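Read-outs: derived from the displayed coordinates by stated rules, not from any lab. The structure presented is a predicted model; accordingly, all values stated were derived computationally and were not measured. Glycine gets a Cβ as well: all are built from the backbone with ideal geometry, and neighbour counts include every protein chain shown.
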Amino acid sequence: MTCDMYEEQVSALIDNELNEEDAELLFRHLSACPSCRRSLRTVLDLRSDLKEQEPPLASMELDEKVLRRTAGEKRYVGNRKPMAMRVWKRRISIPMPIAAAITIVLIVGSVALSSLWTKTQTIYITTLPMVEVKGYFP
Amino acid sequence: MQALTDEQLVERIRIDQGRSFAQLYHRYKHRVYAYCYRLLRHPQNAEDATQETFIKVHRSLHQLEDAASLQTWIFSIARNEAFTILRRVRPTEELEKATEEIWDDDSPLERVVKQERSEIVQHCLSLLRPVYREILILREYEQLSYSEIARITGSTESAVKSALFKARKAIGRKVESILKGKDKQ
């Protein structure tokens, strides 16, 4: 392996991305190569120099912008898939719980309406051949 | 009270229909902003990229299959937003391909020679081509592993390893040459 290749290994070593076997080979080379040791020193210095600067911080205006926009967007973020259905000629997508609620309301509504239209009907059947019928038949 | 893990937080946002989204935003806002700022070198552009990142995260959270990978997912969205802005600023340039050309900008260095060593390093970082700069930022500031960086950048671990080595070597040499010039003054 050339020094250039070892230098690449040096970079991986400080990132903790080198396996034991490669690390051992590299350490053996470093003990004999001043140029690669200098390279190790350089990348370590670079790391500490990069960290010396204060990180830039997001402003409070950004908080306001993002949180206002996301709160304003009534997006469906749940993991339940919306139900696709056709209304007349348009295909619409609505969340499954809303679709279920609409279905229940329609069923309960139709039962309630039909009971308003039908009145009590009583039918007496006797042993006599006559049949008496009470109630309204439409 | 112990803070929620990313997985727990994503689950909570899904259950309460996004009402806990602010918690996710506050957890990641400074890191995403710093990443965009270091990549774009422009506060307003970094703010725009950060804002769009979180809007997209909010809209697409239901598409995230593995909640444990929330961090890399957010950074890959931020990366797309930052590169969209970079492409808008310099539409004709090929930005995302790692080439032998490491430096992005050959602006005069005289003005940084008088600065402190860490400031010179920062300046050199800002002169790297975006594709090298972002990998160094993700490694040094975000402390992401090679596999996480590869996932964010759509690259391979060996390409990340090689790009990091080239970027470090190039910055090391440039800083050294600036400091030598400084000593001669």
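Where in chain B are the DSSP H helices whose alpha-carbon span along the long axis reaches 20 Å or more and whose Kyte-Doolittle mean is at least 1.6? Present the calculation step by step, with values, prior to reporting the outcome.
Values: long enough: B:21-40 (26 Å, -0.46); B:43-60 (25 Å, -1.18); B:70-89 (29 Å, 0.37); B:157-184 (41 Å, -0.54).
Correct list, ordered by number: empty.
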Say each of A:A100 and B:Q71 gets a label point 7 Å from the Cα, pointing the same way as Cα to Cβ; how far apart are those two points in nm?
3.6
Surrounding charge for B:A67, neighbours by C-beta under 10 angstrom, Lys/Arg +1, Asp/Glu -1, total -4
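Give, as a single signed number, the net charge of other residues whose beta carbon lies under 13 Å from the beta carbon of A:C36, with Lys and Arg counted +1 and Asp and Glu -1.
Values: positive: A:R28, A:R37, A:R38, A:R41, B:K169; negative: A:D4, A:E7, A:E8.
Result for the local shell: +2.
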Could you pull out the GluC sites (Glu not before Pro) across the stretch B:114-154 that fall in loop regions by DSSP (anything but H, G, I, E, B) with no more than 12 other Cβ atoms inside 10 Å?
B:E116
With a point put 7 Å past each Cα toward its Cβ, work out how far A:D63 is from A:L25 in nm, to one decimal.
5.2
Along the charge dipole of chain B, Cβ charges K/R +1 and D/E -1, which of B:H26, B:Y132, B:Q122 sits furthest on the positive end?
B:Q122
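Other chains' Cβ within 10 Å of B:68-75 residues: what's the mean? Write out the running numbers ahead of the final one.
Working: counts 0, 0, 0, 0, 0, 0, 0, 0.
The shielding value for this peptide is 0.
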Given the candidates A:Q9, A:T42, A:L57, the one whose Cα lies deepest towards the positive end of the charge dipole of the stretch A:1-74, counting +1 at each Lys or Arg C-beta and -1 at each Asp or Glu C-beta, is A:L57
